[in-house]
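Only one structure is covered here, and it is reproduced in the block below.
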Amino acid sequence: MEFSPTKAIVHNEGCDLHYWYQGSGPLMIFVPGGNGHGRQFNNIMAALSDRFTCATFDRRQMSASQVPVNKRLSPPQQARDIRAVIKAVGFDKAIIFGSSSGGIFGFQFAHDFPEMVAHFISHEAGTSIILPDATEITEWMYHLVEVYETQGLEQVAKEFDTCLIGYDAEGIPKPLSPEPENARNFWEYEFPPLVGYCPNLLRIKENNVSVGVMRSVRCKDAFYCRTVDEQAKILDCPRMVVPGHHEGFQCETEAFVPALLEMLEKLDSAQSGT
């Protein structure tokens, strides 16, 4: 379907959240990760809006969704922002797709508002604290915080990029670049509180929330891929290896969509007991 979304703003907790949506049918909302901008999902929204009402947004303090004074990230507040957008589009329940830290916020949403989750699909949410090598990964992350504070944005981005595997594959389009301010907001206000953070997955399981997890084929054994395996063990939920890299939904949309639909079929079947 041609991409021609309805654009709107909803005010929530001091922030004008810019969101857009198109299509018809059940709501599927796409939650951005650390790059913050919703337009990375425009391709997949266009591909799916013949069967779903597809929505996304610029997260708080990112791209168009600005606040008077930037503050330290709160995952529960991010979950409430997702709730605000869902209600603004006119729904009480949604299929949530969250990638990277957007997956962490999706887990938070599933924890805090289980009654609003039709299904939650997490694509490489980097809940590193549940990894077997969590100590080493956590120390590396604390090192990155120190690098940002002492050497600045350019150096920390250079070091962090070493874990973004698969982006240099031949013939794969480059992802859209976020506004430069997004990266500074991420390192200043978001990355530090996310180090070691993981919503209570056991409570999500206890609440019988429908969850599926995805890891990308191109990212191999990056830490945010390996977290997917641990999430699946804890949640006892469907797990899939899907096309692309960490942003495969954007850069290899045509290959990614069938995998997403397959995951939804798995979750529908599990929910109905068939």
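Quick note: the coordinates plus some simple rules give every number you see, no bench work behind them. The model shown is predicted, which means the values in this text are computed figures rather than measured ones. Cβ coordinates were reconstructed from backbone atoms using ideal geometry, including for glycine residues, and neighbour counts include every protein chain displayed.
If you go through the stretch 131-167 and keep only what is crowded, with 16+ Cβ neighbours inside 10 Å, farther than 21 Å from Q250 by Cβ and not small (G, A, S), you end up with L131, I137, W140, M141, L144, V147, Y148, V156. If I ask for residues that are aliphatic (A, V, I, L, M) and either more than 16 Å from the chain's Cα centre (by Cα) or farther than 21 Å from I104 by Cα (or both), which ones from the stretch 241-260 would you list? Within the stretch 241-260, V241, A255, V257, A259 meet the criteria. With respect to F223, determine if the residue is surrounded by 15 or more Cβ atoms within 10 Å (Cβ to Cβ), without any contact (Cβ under 8 Å) to a residue 40 or more places away in the chain and within 20 Å of H245 (Cα to Cα). When the stated conditions are applied, F223 does not pass them. Of the strands (runs of 3 or more DSSP E) lying entirely inside the stretch 1-106, those containing at least 1 residues that are more than 29 Å from N200 (Cα to Cα) and in contact with a Lys or Arg (Cβ under 7 Å, 6 or more places away or on another chain) span 15-23. Checked against (1) outside any helix (DSSP H, G or I); (2) farther than 25 Å from R39 by Cβ; (3) of a type outside the set (A, V, I, L, M), E115 passes all but a single condition, namely (1).
Reported count of residues in the stretch 226-260, each being exposed (fewer than 15 other Cβ atoms within 10 Å of the Cβ), over 24 Å from Y197 (Cβ atoms) and touching a residue at least 24 places away in the same chain (Cβ under 8 Å), is 2.
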